[in-house]
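The values are calculated or read from the model by the stated rules, or taken from the named source; none is laboratory data. Computed from a prediction, not measured in an experiment: that's the story for all the values here. Quick reminder, even Gly has a Cβ in these numbers, built from the backbone with ideal geometry, and neighbours come from all protein chains shown.
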């Protein structure tokens, strides 16, 4: 034991790194073992995301297939499980085109940034007790900061492609990302207020009652917002296959396209992990000291299924409607949630500022009532708001409600 | 400081997933808003009318399959009606009923395609489309029983249909008709009142009735604008005068109404098929016409049907030879596109795709 | 409530998750084809063909090429032409079945398969030798005499030329080709395995191949 | 009121009153109209309350080697009748006919199609360009002499 991580090192709180560092330190010089420890962490991280993306791609395609009453990929391996690998191999051997007139640097950099953000996000998610790769004390802030990077990457991809569809996609994507950042941040504030910490590990421990119950409104807004940030139906305007063909990544091919897809699907996995951690109490569960990772996986699966299910069912909204949805529906809801949570915490907390489980249950009841009132209320308010002004509904309530015998009369 | 903007011209199509074939629109956008539209046709022009002048009257039936290739039976029907007008003959009753059954099944199939792709254009991940295809597949199986082919059927002949339905067709048709309401109601539950669909389509790209009529728009698009006009009612052909059905009409003429009218027509078509199955009686299915037909010279005919897309008509002129002297095809898809500019200008890119889907064109018929 | 229809939609998709897929995994599974299916690999019976070239004349695309020479057979053995070439250009064929409809002697039938895809255009035609040698699984398309026996080209054995004609069948006395079947032949339940060769023992005793 | 076909004679009678010199001849099916008068005739056919042909079904053209027929199929929804109007153009070169675009917008694409495939120009059409074929295509394919 000749190498010991200093107490003030930012990664001291990460047991995995410390363990690898000390183990490697037995044989190697300290600087090298520090490097190796970092490398091992990154290796795990990158592969977790990419493997997660691969598994998610397969799951989504199979599930969407079944939701659509067909089979989905079933050729490669048992149940078509090797399909993502086959796709990857295909993408690797395909020619890597850079269109003439493209801004080469931005064009190449965009997919890399996209993958990076997806991977980085997972770094702060605790897999089990004390097993976060990097237990940052500003974990929530870090998540927000990293997700915002995606908008830069989308803009780079769309702009550098020198394609008008890509430009449409990029403009839409950035608009959506920036708009949805606001309600998402406000939701997270509610979570942080209750948990009393920005560290995701602390957020998990604070969930004696899962936050999905304590703050259903926040959960709803967060899932909707994340779904928009991930470009998933019904907010997938940036790609909008039927309109923009592929949106901002229309010109990408080969492994660059593969990276974008990996980032996209890896993003869903990491976002599901973040949602599971923030609202579904992460690794907590029965016997969580031993199978905490399993609980997390199950919860990720549930959230991912929700994403897939919604994607398979809904049509897409128009860009102005998506904006209206963010600013006129999700924003007020997240404000209401923030206000409610703040007031509740203010009145319920004890002298040290901590909340007991009973307090959480009281909050649950109040917030469920708030949820039940707010959603229908704002739902009926949004009804006409999402429609542009010149498109007020016509006098008739249901269009074409008359089925008339046609003798050929002009109505 | 005002931001300087400039319009941007984009070619939508001919290679675009949502132009329903090789249709091309040259669109000038201001941001996402459409300023100018110029439709460009002809990428699928095969000269069907010229080809028809080189083939004898029966052979032309195979060409009509390929016009609107999702509603071949109805194309066959329009053409055969025109030839029968030329020859002044009428098919036997059983033939008429079989034609009506085939045409109405085809209408269900074509409308399902139209609805499915319309919803696909709205951005669903193919789920309603797959459900539509599930039902359509059964119709194609029925067609295979009738005539041995699924898409390019060539089932109808001048003077009837080429063969009676096989024995196993009737139970299969019965099963299909029993299953159909359930499948349609599932589709309706899935999407008909979906709020996102409502928000996306209601009030979008409205077509006023006077403009629709003046622009020769026909079919579901015309009925969505508020005119209860259906050639099956106005000028009944085949067995349509012996069955009862309603003509669904909507008032607003927007994208939702066009979609809604098609949904309702599915039920009406099923109703027609049911009545035909009840009424059909044994008998010959085809007139004893020679293989090579020679109508009297100088005769002309305008055979018209209510096809899935609108009024489909064949204007035939005979010079007494074995092939039509002139075979003009009045294709509803092309003529419904007369209003493209009116429907699209001022709306957004996303609406444009949906509007095209709601007008439900088929390039095989537009370009011919 | 607003949003209820979306929930309903979600329930519909969820319901479908539990259903069996309706698609067919093609090379392993197949849709059952109807005996009337108009397939490739035309079935041609040289014994029945007189070389009249009606099929070639009636083909809308003109892809059937027939070359004949007068045969030396005596009139009483059935006057016919000797066929030298009978090529069907498959790459342009659209399987409309008009050639089968035109054949007056039931010599040409649609086939039952659909897997004649080739990698080059050169092989995309059926020659007379192929037609002679191929297994005869005629489609019942436009051949009511076959259909009434319940023959299924996808399941039953290949048919001999004597078994496919309309001679043994009395329908044509009452109604003409292409019309509704007035009555089928007197074959017990019409299993094709029990199909008796026409002419040898005609069930209704009214005719035979030589009549 | 059943849907009925107006005979050419009936149409000719009405037209002869309203638009003098417009009718060339008429038979049981259709009426031949003086080509130069077709736009005015169309206006009358649409606006006359008795005829009320508000719907233009189709514009077709037939090549008769020494002449061309342009056929207008019309329908009235209110009056429940249909009618056929024809205009005969003689010769083969530089044929033209007044456009009915201003009367029926539905003529837009159909007149372009007739020009493209039959080579009959419609004067007054705002966008008389080829539709199925590309600009610069030689000849008009549906003519009988185009092989």
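For segment B:332-349, the condition of being under 27 Å from residue B:138 (Cα atoms) and either within 14 Å of chain D (Cβ to nearest Cβ) or touching a residue at least 40 places away in the same chain (Cβ under 8 Å) (or both) holds for at least one residue.
Could you tell me whether segment D:104-126 includes any residue that is without any contact (Cβ under 8 Å) to a residue 24 or more places away in the chain, surrounded by fewer than 16 Cβ atoms within 10 Å (Cβ to Cβ) and away from every other protein chain (no Cβ under 13 Å)? No, every residue in segment D:104-126 fails to be without any contact (Cβ under 8 Å) to a residue 24 or more places away in the chain, surrounded by fewer than 16 Cβ atoms within 10 Å (Cβ to Cβ) and away from every other protein chain (no Cβ under 13 Å). Mind checking whether some residue in segment B:76-89 is more than 18 Å from the chain's Cα centre (by Cα), without any contact (Cβ under 8 Å) to a residue 60 or more places away in the chain and surrounded by fewer than 24 Cβ atoms within 10 Å (Cβ to Cβ)? Yes - at least one qualifying residue is present in segment B:76-89.
Here are some residues: B:38, B:54, B:49, B:32. Which one is surrounded by fewer than 19 Cβ atoms within 10 Å (Cβ to Cβ), within 30 Å of residue D:128 (Cα to Cα) and in contact with a strand residue (DSSP E or B) (Cβ under 9 Å, 6 or more places away or on another chain)? Residue meeting the stated conditions: B:38. Taking residue B:251 as the residue in question, decide whether it is within 14 Å of chain A (Cβ to nearest Cβ) and part of a loop (DSSP other than H, G, I, E, B). Taking the combined requirement at face value, the residue satisfies it.
Scan segment C:145-152 and tell me whether some residue there is part of a loop (DSSP other than H, G, I, E, B), more than 15 Å from the chain's Cα centre (by Cα) and either modelled with pLDDT of 80 or more or under 17 Å from residue B:145 (Cα atoms) (or both). No, segment C:145-152 contains no residue that is part of a loop (DSSP other than H, G, I, E, B), more than 15 Å from the chain's Cα centre (by Cα) and either modelled with pLDDT of 80 or more or under 17 Å from residue B:145 (Cα atoms) (or both). The set of residues in segment B:131-153 being at the interface with another protein chain (Cβ under 8 Å from one of its Cβ atoms), surrounded by fewer than 24 Cβ atoms within 10 Å (Cβ to Cβ) and in a helix (DSSP H, G or I) consists of B:134, B:137, B:141, B:144, B:145.
Considering segment D:63-80, the residues that are surrounded by fewer than 21 Cβ atoms within 10 Å (Cβ to Cβ) and farther than 18 Å from residue B:215 by Cα include one that is nearest to the other protein chains (Cβ to nearest Cβ), namely D:80.
Among the conditions (1) within 14 Å of chain D (Cβ to nearest Cβ); (2) part of a loop (DSSP other than H, G, I, E, B); (3) in contact (Cβ under 8 Å) with a residue 24 or more places away in the chain; (4) under 19 Å from the mean Cα position of the chain (by Cα), residue B:238 misses just one, which is (1).
Being under 30 Å from residue A:321 (Cβ atoms) and within 14 Å of chain D (Cβ to nearest Cβ): is that true of residue B:263 here? Taking the combined requirement at face value, the residue does not satisfy it.
Scanning segment B:293-313 for residues that are at pLDDT below 85 and within 11 Å of another protein chain (Cβ to nearest Cβ) yields a count of 1.
Candidates in segment B:203-232 are the residues that are part of a loop (DSSP other than H, G, I, E, B) and within 10 Å of chain D (Cβ to nearest Cβ); of these, the one that is farthest from residue B:305 (Cα to Cα) is B:215. With respect to residue A:197, is the statement that it is more than 14 Å from every other protein chain (Cβ to nearest Cβ), part of a loop (DSSP other than H, G, I, E, B), in contact with a helix residue (DSSP H, G or I) (Cβ under 9 Å, 6 or more places away or on another chain) and surrounded by fewer than 23 Cβ atoms within 10 Å (Cβ to Cβ) true? The answer is yes for residue A:197. Only one entry of A:383, A:349, A:311 meets the criterion of being in contact with a helix residue (DSSP H, G or I) (Cβ under 9 Å, 6 or more places away or on another chain), within 14 Å of chain B (Cβ to nearest Cβ) and modelled with pLDDT under 85, and that entry is A:383. Looking across A:165, A:180, one residue alone is in the same structural domain as residue A:344 (by TED's automatic domain parsing), under 29 Å from residue A:247 (Cα atoms), in a helix (DSSP H, G or I) and in contact with a strand residue (DSSP E or B) (Cβ under 9 Å, 6 or more places away or on another chain). It is A:165.
Any residue that is in a loop (DSSP other than H, G, I, E, B) and away from every other protein chain (no Cβ under 14 Å) - is there at least one of those in segment A:215-233? Yes, the conditions are met somewhere in segment A:215-233.
Residue B:121 meets all of the listed conditions (1) away from chain A (no Cβ under 14 Å); (2) modelled with pLDDT under 90 but one, namely (1). Look at segment A:42-58: where a residue is under 14 Å from residue A:120 (Cβ atoms) and a partner is not in a helix (DSSP H, G or I), sitting 6+ places away or on another chain with Cβ atoms under 8 Å, you get A:44/A:133; A:45/A:123; A:45/A:133.
Scan segment A:58-96 for residues that are more than 14 Å from every other protein chain (Cβ to nearest Cβ) and either touching a helix residue (DSSP H, G or I) at 6+ places or on another chain (Cβ under 7 Å) or assigned to a helix (DSSP H, G or I) (or both) and the total you get is 17.
With respect to the conditions (1) assigned to a loop (DSSP other than H, G, I, E, B); (2) touching a strand residue (DSSP E or B) at 6+ places or on another chain (Cβ under 6 Å); (3) more than 12 Å from chain D (Cβ to nearest Cβ), residue B:324 falls short on a single one, namely (3).
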